[in-house]
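**Q** My questions all concern the structure below.
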Amino acid sequence: MRFVLFLSSTRVGSSFTGVGSWGDRVGSVIKARAEKAGHEVSVWDPKVLNFPMLQQPIQMLPDKSTIPQWMMDCKKELEEADAFLTCCAEYNSQIPPALTNMLDHFPPASFRHRPVGITTYSVSSGGGMRVQAPLKVMVTDLGMLTVPASVKVDFVNKKFDEQGVCTDAKMEEYVDRMISETAWYAQAIKNHKTSCGLPSA
Ligand SMILES: Cc1cc2nc3c(=O)[nH]c(=O)nc-3n(C[C@H](O)[C@H](O)[C@H](O)COP(=O)(O)O)c2cc1C
């Protein structure tokens with residue numbers, strides 16, 4: 001399967017919990033486990049892609065000839081994905097604005113009829129439990145189907161050694177289950193699209 005994995009953090013530099021974003025490490029685990037299971041993963045990291053603050057979503061631009069090529073390339077990648085994955089921090093119980101901003105650039109049609117496997121994380125005991133609800137609402141609004149096996153990584157700053165290697169086998173097990181379920185739903189939807197097509201608009 002072809003996955004697009006959305007990261008959410010733009011934090012750089014040191015803080016009292018470590019250096020840079022813990023999402024980079026969680027995201028690396030998700031990517032590695034998905035690749036081990038034979039999937040392709042394209043990582044959308046807001047630190048790297050550096051989306052500007054939203055001016056207009058693609059579908060609201062009156063003159064399509066002004067749409068920048070990078071936006072069209074990103075849209076194509078979304079359309080060609082079989083499934084989506086999130087690696088989402090919890091900021092004040094909400095979705096980090098960089099993730100919302102990134103997704104807001106694209107029409108729901110770019111995401112529809114594909115499953116999404118959700119991972120959230122935090123340095124506290126909740127593992128991003130509170131952001132799971134708003135995140136599920138947002139991805140559902142965009143047309144993605146949330147799979148039941150979501151992952152919550154609690155105490156994320158205690159889950160990696162100094163080299164950034166994951167030291168929590170249980171976390172990898174939960175990630176594997178989430179990936180396997182997401183791939184299962186992606187295959188089921190693909191099969192159904194082949195036999196029945198897409199619903200009329
Ligand atoms: C703006 C901000 C708000 C935060 N709010 C929460 C929160 O609501 N719940 C929580 O458990 N941790 C919260 N934290 C702590 C994060 O869990 C921790 O900083 C984590 O490393 C953030 O992910 P990142 O390192 O990928 O940016 C917050 C951190 C930031 C920077």
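Taken together, the values in this text are just the output of simple stated rules run on the coordinates, not laboratory data. All figures in this text were calculated on a predicted structure; none of them were measured in a lab. All Cβ positions, even for glycine, are placed from backbone atoms using ideal geometry, and neighbour counts span all protein chains on display.
**Q** Reported to two decimal places, what Rg/Rh ratio describes region 129-190 when computed on Cα atoms with Rh from the Kirkwood expression?
**A** Value, to two decimals: 1.05.
**Q** Taking the Cα centre as origin and putting +1 on Lys and Arg beta-carbons and -1 on Asp and Glu beta-carbons, what dipole magnitude results for the chain, to the nearest 20 debye?
**A** 260
**Q** Round to a whole angstrom and tell me the spacing of the C-alpha centers of region 104-145 and region 153-201.
**A** Rounded to whole Å, the Cα centres lie 13 Å apart.
**Q** Excluding same-chain residues fewer than 8 positions from K36, which aspartates and glutamates have a Cα within less than 14 Å of its Cα?
**A** Leaving aside aspartates and glutamates fewer than 8 places away in the same chain, those within reach of K36 are E172, E173, D176.
**Q** Identify, among M102, Y185, S195, the residue whose Cα sits farthest towards the positive end of the charge dipole of the chain, taking +1 on the Cβ of Lys and Arg and -1 on the Cβ of Asp and Glu, with the dipole about the Cα centre.
**A** Of the options given, the answer is S195.
**Q** Between L49 and E162, what is 0.36 nm times their sequence separation minus the Cα-Cα distance? Round to one decimal in nm.
**A** Taking 0.36 nm per residue and subtracting the Cα distance, the gain is 38.0 nm.
**Q** Can I ask one more? To the nearest 20 Debye, how big is the dipole of region 95-180 about its Cα centre, given +1 on the beta carbon of each Lys and Arg and -1 on that of each Asp and Glu?
**A** The calculated dipole for region 95-180 is roughly 300 debye.
**Q** Mean residue ellipticity at 222 nm from the helices of the chain, using -39,500 (n - 2.57) per DSSP H segment of n ≥ 4 over the full residue count, to the nearest 500 deg cm²/dmol?
**A** After summing the helix terms and dividing by the residues of the chain, the value is -12500 deg cm²/dmol.
**Q** Shifting gears a bit: Rank I67, I179, I58 by mean-square fluctuation in a GNM of the chain with C-alpha springs under 10 angstrom and give only the top-ranked residue.
**A** Top of the fluctuation ranking is I67.
**Q** Of K75/K170; K158/K190; K75/K190, which pairs sit farther than 30 Å apart, going by alpha carbon to alpha carbon?
**A** K75/K170; K158/K190
**Q** Determine the gain in length on full extension of the stretch H113-L198; use 0.36 nm per residue of separation and subtract their C-alpha separation, reporting nm with one decimal.
**A** The span from H113 to L198 would gain 29.8 nm if fully extended.
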